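**Student:** After the structure tokens below, expect a handful of questions from me.
The values are calculated or read from the model by the stated rules, or taken from the named source; none is laboratory data. Only a predicted model underlies this, so the values are computations on that prediction, with no experimental measurement involved. Positions of Cβ are backbone-derived with ideal geometry, glycine not excepted, and every protein chain shown enters the neighbour counts.
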Amino acid sequence: MATAESPGTQALPGNGGEGGNRDPRIEIPTVAAVVVTRNPGAWLEQALLSLGSQDYPSLAVLVVDAASDEDPSDRIAGALPEAVVRRVPHPGFAAAANEALYTVRNATFLLICHDDVVLDPGAVRLMLEEAFRSNAGVVGPKIVDADNPEVLLEVGRSIDSFGNPHTGIEPGEIDQEQHDGVRDVFYVSDTAMLVRTDLFHELGGFDASRFPGAEDLDLCWRARLAGARVLVAPDARAQHHQAAGDRGEGAAPDAAAMARNRISTVLTLSSARTLLWVVPVGIAGSFVESLLLTITLRRGRQRSALGAWWWNLRRFREIRRARRQARRDRRIEDRDLRQLRARGVRLRGFVAEHVATDDRVRSFADVGRSAVSAATEKTRQPLFALVAVLALIWVVGSRHLLTGGVPAVGTFARWPGVLDMLSTYASGWRYTGLGSTTAAPPGLVAMAGITTTVFGAGGLARTLVVVLAFPVGGYGAYRLTRGITQSFAPAVVAALAYALNPVPRNAIAAGRLGPLALFALGPFLISIALRYAERVRGAQARRRALTGLLGLGALLAFTTAWYPLAPLLLLTFAAAIMLAAPLVGGFRLGVRVLVTSVLGTVIAVLLLVPWSVALLGAGDDPAGLGFSFRPQLDLADVLRFHSGPAGAGWAAWGLAAAASMALLLGRGPRFTWATRAWIMAIIGWALVWLPARFAPDVSVPAPEAALSLAALGVAVAAGLGVSVFVEDIRGRRIGLRQSVAAVAAVGFAVGVLGFTADAGDGRWGAPDGDWPEALAFLQSERESGGFRVLWVGDPTVLPLDPFVAADGTGYTLTRNGSGDARELWRAPSDRADALVGDALELASEGRTDRLGHLVAPMSVRYVAMPTRAGPGASPQAPPAGLPAALAGQLDLARLGAPAGLTLYENTAWIPTPATVRLTDTESVPLGSKNPTGAALRTDVGGVTAVRGSPSDSAPTGPGLVLWSEAFDGDWSATVTGKTLRHVKPFGWANGFTASERGSVSINYDGQLRRYGLISLQVLLVLAFLVVVWRSTAARRARPDRARRPSP
Amino acid sequence: MTAPPPAPGPAPRRPPPGRGDPPERRRLPVLIVVGVCVAIAAAFGLSGTDASTTPRAGNTIAAAVPTVAEPDSVSSTWYCAEGTGSPGGRADEAIIIANAGKAAARALVTVMPGGQDEPESRRVSVPRGGQVRVPVSSVLQTPEHPDDAGLLVGPGVVVEVFGGGSLVEHEIEGESDLAVGPCAREAGRDWYFAAGTTERGAEDNAALFNPFPDDAIVDLTFATDAGFIAPADLQALVVPQRSRVTVPVANFVRRQAQVALHAHVRTGRIVAEQSLNFTTENETRRGLTLSLGAPSPESSWSLPGVVPEDGASHAVLVANFDTSATEVEIEPRFDEASSTRPRPVPVGGRSVAVVDLASLGDSGAPFGFEVRTTRASPVVVEQLASWAPPAAATGSATTLASPVQSRGWVFAAGRLTPEGDAGVSVLNPGRKSATVRLLAYASGGADQPTSVGEMRVPARAQARFDLVELGVEPDQVVVVRADAPVIAARRIVGPTGASLALGVAEPDAG
């Protein structure tokens, strides 16, 4: 027997102790089981009984009570009278387990385990035998689920370079002995671990500061570094109740603290060379994770990933001290442990935790199992069958989009590479229209992010964004309605009614990315705003709900990045609740929603600085905000959501009929919300119809945007109808109510039929081609010099975000081709851009026949007038007089083009950059106050395109180098190192006088300013994340004051 | 073991307003509100739009006849199709640029010779209130020449005037006659002419001018005494970019007394003019005519300025390009209001009716006339006049009647001679009398025009200003202003020949 070395230690009684039945001729080592308990449940007795029934003869049991609310001594004595009980004031597992350092004096091994672990009878013996056989310092058993012993929980553990744990076992994985086999592992959890007592003493026991989350990792890692082996012996089995969260309020593990402690352990025990890359990569990865967490609003799972790093970096000195200590004890190098580590654990974990739709789901495999299980269980339910059928129709209806890609019509412009989008975002000069210093839109970053997630496949990313709008929007409607009704079936019906609505189909047909994004994300915005507004009563509640508000702001920022008018949706929703208040009450709720919306908008604006500031200053250019359309819709069209090819016929009437039931028959809250939903719908309809009816000459946003609100109102009302049927109708005698319900059901079915009918073409009415494809030859025209294409016509069929003249004629400028997503969310119009509109106006009114001359200095080589969004799309008449005006221009030569597109080549075109011969420079007007007149009267003589890159061209000159970007003082040019004189040709462009021949380098000198603004934006986002983290941490910490951590 | 009973808690709170059960009586107001919203919207939706669909008068005028460039125009472009650009040509052409705007204007006269030859331009300045005459040959001498298909290739002229208030006319001069008419403001896809003939001694030339940088493809068809003719050689006729092609109609339509022409452009746009050259072989007429085509048939046409005199003949030709027959009523308008009965004239499908105006003006007094269709098919109306001794001059003239009215008409005065007869006639087709003033800018140009004559024109009557009597000089720009919509036409008969022409309308005065 071991003897006590210190006065505080004591010899533990054991099965093999004096008075036991052990053979005195055989010296067997004593094992001291250290069971840490706190506020134990019924599982404690099971755990103790399992220890008592071990077949190992020399086992003593020490139960350390970590400050339970009630003294468990009596219960322990009842279950295992031989057990020694120590009560300590330390609340944590690690500190309590360290009691063994002072209490145990005669044991060779310590079996440290939780109080909710039930060991198989031979477990201790098997572990001990393996420890001797393999000369291991730490041995762990196979751990299975106590409730379902067939399910594996862990068979040893590993970590990745950032300390994220990995069991190698999929959730719910059945134990078929597939992991059996003794092997080295990085660490075993302290659920049950056999550790040599001398090693435990040498290591100083657990590092209490690593609890929760990393005390076992830390111990085993230090054991490893000290040269000890850590093994798992799967023949030894333990059943784990996983009762950490069942010990009273706040007993659940603190995820943030666990993340902090894991990173602390990594920072302490990793080698310096490893940390060189682990720290920056870990911080960057956590930053991305935090962004995604914020965007996906998984606040319940938000680990404040970035905050964990921040927390540790602030404790740099402590970490350094700990590293010094660890270095002293180190006997092996980091690389010797590399084989035991896992890779990509964090990514798998993130996907499992945040992409999966069910909180219980931890991996894709589990998603699959859950889905199969759910399908098996619910297939018989009609609602589930309906969802499945509609999902199938959705896939069928999207088949050509999924297989052939989304045509580049409207704002569905093609997405270039990730680097192209990011470099456009970082550029100090915005290459839209005639150029601008306005900040680039953050939507480009969003696109780049999404493209990155699909490994750079921009077309796939674009297709997914478009096609997934249906289910995403439907899920948003589900969440909103679920929050209102607290019931499943109404929420599902609302989701279906929303997804069935013609709005997204028409948005896809017309290529309206912003309204489509609003359709998809709008219900989430409203849901969060409503939830926040309903919770906020009193200062404390407000503080608690701060995270919700921040989430709203983040999601609103994300939505606004796609559609600048998104905040109006929330404001309109608030208005709907207030307008409904005289009828059903809830004015205060409306005010709270309004305040929430305003606050969320402020947060979104801050997160989108400086782009948002530029937009706020775009008052003179409402088209830049999306006010580009003059829809000619009559009342029936609006009510049927018939803003495009979808919605014709009776289908949309059916949805309205389905929505009417809750209004006609609902009672109580159902009636209240039905009223609000209908007011929402009416406002949405009115926002489209009133301008079309009373102000047809005023440009308004795309009708699908406001109709999204109406669609959501109709969908919620339809969902409430199900609730009404269940609560207010079912079980009553057959009568009028049942008839109304039948009509509603038929209406819903008609809506389904409409959806099904539109699925026939496989692309939801989108054209089967696009103009960039038809005009692919433009790509090769770049060799003749840089050029622009002027797209002119009805704004509804123009690509990208058109400018809109006073008469409603739209125009867009694209560069060196048909344009791509880099030219989306164009900069607000400035004076130079307005010159294009002036020229078109003059031509349309017959006041000039030299449009080509007017736009030649803008390097407009082609003028395209589409009368369809793309080949095969529905025709849209061009503005009156425009075709004749273009046909009457003396300098526009008509080219062959597919049906629906009239294409002209400008015979007066001036490339960009181009050099005007020295002898002809006098003919170029400089600094003209009347650029239009100057362009009209000027016949620039010898002009040659400057070959090569503008920043490093082929030799050119001498002469005047024309650079057709809007004049800005930060443009400069050099030839052989000499800075050229900067002039203002035609009163708006840039020109540089080159007195000698040489390679020209044209540069924009305002790039540093842009970098500064990007830094400001990053700081704002970081500040936002810190606030989110602090808010989340504070919210979790507040109730924790009243409790102690559980073991 | 049984669960402990729930601890007593606070009494359930009363549901907040709007979240609890509302009384059933609240349903009615909600339904009323929703119903009223829908009803109001439906009422407005059914009542139609308030937006006026009536086109502006100015637009209507501009679509039918050449109009003076708007005062705020940056530039206006005029297209002059017919004429030759070499001395001694069949129709030696000169461009007349008049400026009735508020500032001096600059003009660029570009002669497009067609073929491989490059256009040539000349810049001229036009003083405010003045006019400039530019012979085409002074810009570019380019003889007209036949091509392989027997068509004549010659110069077309584009005149760009930088500044508002301008108008451009051109005159073509033959062996013994002069013809004047306004150039076109717009190219078009259809052009119609009623007064053509390929009778003996008549050279009917249709000039098709494509000033644009891409080729135009044109179909020419004819309504004749012998019926509808669509010569194969004149179908899908290519008018090359920036060139003028003249079709000698007689080469394709032989010996027809009445030949109405329709030029339809399949691709592109053109400007079409027609000239008639009556040679000595012609039994009844001598001289040269010039008309700009009508862009479309109309149901109502008016023209003033018919002056019955010895040696003169006036005919109105009514062309129906539709396949179905129609009928028109022709009614004379004299200086005094009179109650004449309109004369019905049947016009067969795709044919031309000729009415001798002498039969309408038995009294010998000057008169104008109105032509209205009484059936659905619109028509094109053109006057053909000729003078021979004992009249003051020898020559011929054609002009389309006007389908529109305007409060203002502008003319370049033209070649006035003391011994000749020159006048501007004004027809008031309205039901109220109109006060009409004749204004003229000072010779050589001036800031403001001065009134040189004023008269009251009764309803449905016409009046005539005698330019020679009023002392108007040939280089003056003349403006007709009325307080009601009228039609104004100029008639010059003198030693240099005879010409008839509508004025150039002021659309903003319409």
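**Student:** Residues in the range B:300-350 that are closer than 18 Å to B:Pro366 by Cβ, among the polar types (S, T, N, Q) and modelled with pLDDT of 90 or more: how many?
**Tutor:** Qualifying residue count, the range B:300-350: 2.
**Student:** Mind checking whether some residue in the range A:714-737 is farther than 30 Å from A:Phe587 by Cα, touching an Asp or Glu at 6+ places or on another chain (Cβ under 8 Å) and not in a helix (DSSP H, G or I)?
**Tutor:** Checking the range A:714-737: not a single residue is farther than 30 Å from A:Phe587 by Cα, touching an Asp or Glu at 6+ places or on another chain (Cβ under 8 Å) and not in a helix (DSSP H, G or I).
**Student:** Now a separate question. Within the range B:142-153, take every residue that is within 26 Å of the chain's Cα centre (by Cα) and part of a strand (DSSP E or B) and give me the one that is surrounded by the fewest Cβ atoms within 10 Å (Cβ to Cβ).
**Tutor:** B:Leu152
**Student:** Among the residues in the range B:365-384, are any part of a strand (DSSP E or B), without any contact (Cβ under 8 Å) to a residue 60 or more places away in the chain and not assigned by TED's automatic domain parsing to the domain that holds B:Thr197?
**Tutor:** The answer is no; no qualifying residue exists.
**Student:** Quick one: A:Pro875 ticks every box in (1) at the interface with chain B (Cβ under 9 Å from one of its Cβ atoms); (2) more than 23 Å from A:Leu778 (Cα to Cα); (3) touching a Lys or Arg at 6+ places or on another chain (Cβ under 8 Å) bar one, so which box is it?
**Tutor:** (1)
**Student:** Find all pairs meeting these conditions: Cβ atoms under 7 angstrom apart; at least six residues apart or on different chains; first residue within the range A:846-869 and within 11 Å of another protein chain (Cβ to nearest Cβ) and at positive phi; second residue buried (at least 24 other Cβ atoms within 10 Å of the Cβ) and not in a strand (DSSP E or B).
**Tutor:** Within 7 Å, the pairs are A:Gly846/A:Ala885.
**Student:** Would you please name the residue that is nearest to A:Leu525 (Cα to Cα), looking only at residues in the range A:580-608 that are within 14 Å of chain B (Cβ to nearest Cβ) and of a type in the set (Val, Ile, Thr)?
**Tutor:** A:Val593
**Student:** Report whether or not B:Val157 is within 14 Å of chain A (Cβ to nearest Cβ), under 24 Å from B:Leu237 (Cβ atoms), in contact with a helix residue (DSSP H, G or I) (Cβ under 9 Å, 6 or more places away or on another chain) and hydrophobic (A, V, I, L, M, F, W, C).
**Tutor:** It is true that B:Val157 is within 14 Å of chain A (Cβ to nearest Cβ), under 24 Å from B:Leu237 (Cβ atoms), in contact with a helix residue (DSSP H, G or I) (Cβ under 9 Å, 6 or more places away or on another chain) and hydrophobic (A, V, I, L, M, F, W, C).
**Student:** So B:Pro71 clears everything in (1) within 12 Å of chain A (Cβ to nearest Cβ); (2) surrounded by 19 or more Cβ atoms within 10 Å (Cβ to Cβ) except one condition, right? Which one?
**Tutor:** (2)
**Student:** Could you check, for the range B:250-269, whether at least one of its residues is in a loop (DSSP other than H, G, I, E, B) and within 14 Å of another protein chain (Cβ to nearest Cβ)?
**Tutor:** The answer is yes, given that some residue of the range B:250-269 is in a loop (DSSP other than H, G, I, E, B) and within 14 Å of another protein chain (Cβ to nearest Cβ).
**Student:** Which condition breaks for B:Val65 when tested against (1) within 7 Å of another protein chain (Cβ to nearest Cβ); (2) closer than 30 Å to B:Pro113 by Cβ; (3) at pLDDT 80 or above?
**Tutor:** So B:Val65 meets the others, but not (1).
**Student:** Let me ask something else about it. Quick one: A:Gly649 ticks every box in (1) away from chain B (no Cβ under 12 Å); (2) crowded, with 24+ Cβ neighbours inside 10 Å bar one, so which box is it?
**Tutor:** Unmet condition: (2).
Results for (1) modelled with pLDDT under 90; (2) more than 36 Å from the chain's Cα centre (by Cα), shown as yes or no for each residue.
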site: A:Ala749; (1), (2): yes, no
site: A:Gly754; (1), (2): yes, no
site: A:Ala757; (1), (2): yes, no
site: A:Trp764; (1), (2): no, no
site: A:Asp768; (1), (2): yes, no
site: A:Pro772; (1), (2): no, no
site: A:Ser780; (1), (2): yes, yes
site: A:Val789; (1), (2): no, no
site: A:Leu798; (1), (2): no, no
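**Student:** Inspect the range B:176-192 for any residue being within 17 Å of the chain's Cα centre (by Cα), charged (D, E, K, R), assigned to a strand (DSSP E or B) and closer than 18 Å to B:Leu276 by Cβ and give the result as yes or no.
**Tutor:** Within the range B:176-192, none of the residues are within 17 Å of the chain's Cα centre (by Cα), charged (D, E, K, R), assigned to a strand (DSSP E or B) and closer than 18 Å to B:Leu276 by Cβ.
**Student:** Let me confirm something: among A:Pro253, A:Pro280, which residue is under 22 Å from A:Val1028 (Cα atoms), out of contact with any Leu (no Cβ under 7 Å at 6 or more places or on another chain), modelled with pLDDT under 80 and not in a helix (DSSP H, G or I)?
**Tutor:** Checking each option against the conditions leaves just A:Pro253.
**Student:** Could you tell me how many of the residues in the range A:88-108 are crowded, with 24+ Cβ neighbours inside 10 Å and either assigned to a helix (DSSP H, G or I) or of a type in the set (A, V, I, L, M) (or both)?
**Tutor:** 7
**Student:** To continue, here is another question. Among the numbered conditions (1) away from every other protein chain (no Cβ under 14 Å); (2) closer than 30 Å to B:Arg123 by Cα; (3) assigned to a loop (DSSP other than H, G, I, E, B), tell me where A:Glu965 comes up short.
**Tutor:** (2)
**Student:** Something else now. B:Thr110 - would you say it is at pLDDT 60 or above, within 14 Å of chain A (Cβ to nearest Cβ) and surrounded by 14 or more Cβ atoms within 10 Å (Cβ to Cβ)?
**Tutor:** Against the criterion (at pLDDT 60 or above, within 14 Å of chain A (Cβ to nearest Cβ) and surrounded by 14 or more Cβ atoms within 10 Å (Cβ to Cβ)), B:Thr110 qualifies.
**Student:** Hey, among A:Trp673, A:Trp685, A:Trp611, which residue is more than 10 Å from chain B (Cβ to nearest Cβ), among the aromatic types (Phe, Trp, Tyr) and surrounded by 22 or more Cβ atoms within 10 Å (Cβ to Cβ)?
**Tutor:** Among A:Trp673, A:Trp685, A:Trp611, only A:Trp611 is more than 10 Å from chain B (Cβ to nearest Cβ), among the aromatic types (Phe, Trp, Tyr) and surrounded by 22 or more Cβ atoms within 10 Å (Cβ to Cβ).
**Student:** Residues of the range A:886-902 being within 16 Å of A:Arg861 (Cβ to Cβ), at the interface with chain B (Cβ under 8 Å from one of its Cβ atoms) and in a loop (DSSP other than H, G, I, E, B), which ones?
**Tutor:** If the condition is that a residue be within 16 Å of A:Arg861 (Cβ to Cβ), at the interface with chain B (Cβ under 8 Å from one of its Cβ atoms) and in a loop (DSSP other than H, G, I, E, B), then A:Gln889, A:Asp891 are the ones that fit.
**Student:** Also, quick follow-up: May I ask you to list the residues in the range A:908-929 that are among the hydroxyl-bearing types (Ser, Thr, Tyr), out of contact with any helix residue (DSSP H, G or I) (no Cβ under 6 Å at 6 or more places or on another chain) and touching a residue at least 40 places away in the same chain (Cβ under 8 Å)?
**Tutor:** Across the range A:908-929, the qualifying residues are A:Thr912, A:Thr915, A:Thr921.
**Student:** Collect the residues in the range A:437-477 that are of a type in the set (S, T, N, Q) and either touching a Leu at 6+ places or on another chain (Cβ under 6 Å) or under 13 Å from A:Val406 (Cβ atoms) (or both), keeping them in residue-number order.
**Tutor:** A:Thr463
**Student:** So if I check each of A:Asp637, A:Asp697, which one is more than 28 Å from B:Leu31 (Cβ to Cβ), at pLDDT 85 or above, facing another protein chain (nearest Cβ under 10 Å) and out of contact with any strand residue (DSSP E or B) (no Cβ under 7 Å at 6 or more places or on another chain)?
**Tutor:** A:Asp697
**Student:** I've got another one for you. Of everything in the range B:386-405 that's part of a strand (DSSP E or B) and more than 19 Å from the chain's Cα centre (by Cα), which residue is surrounded by the fewest Cβ atoms within 10 Å (Cβ to Cβ)?
**Tutor:** B:Ser386
**Student:** Within the range A:785-873, which strands (runs of 3 or more DSSP E) (wholly inside it) include 3 or more residues that are of a type outside the set (A, V, I, L, M, F, W, C)?
**Tutor:** Counting at least 3 such residues, we get A:810-815, A:860-866.
**Student:** If you check A:Val503 against the conditions, is it touching a residue at least 12 places away in the same chain (Cβ under 8 Å) and within 17 Å of the chain's Cα centre (by Cα)?
**Tutor:** For A:Val503, the condition - touching a residue at least 12 places away in the same chain (Cβ under 8 Å) and within 17 Å of the chain's Cα centre (by Cα) - is not met.
**Student:** Let me ask another. Whether any residue in the range B:123-141 is away from chain A (no Cβ under 14 Å), closer than 26 Å to A:Asp891 by Cα and assigned to a loop (DSSP other than H, G, I, E, B) is what I want to check.
**Tutor:** Looking through the range B:123-141, at least one residue is away from chain A (no Cβ under 14 Å), closer than 26 Å to A:Asp891 by Cα and assigned to a loop (DSSP other than H, G, I, E, B).
**Student:** Provide a single number: the residues in the range A:157-207 that are among the aliphatic types (A, V, I, L, M), in contact with an Asp or Glu (Cβ under 9 Å, 6 or more places away or on another chain), closer than 20 Å to A:Val31 by Cβ and not in a helix (DSSP H, G or I).
**Tutor:** Number of matching residues: 4.
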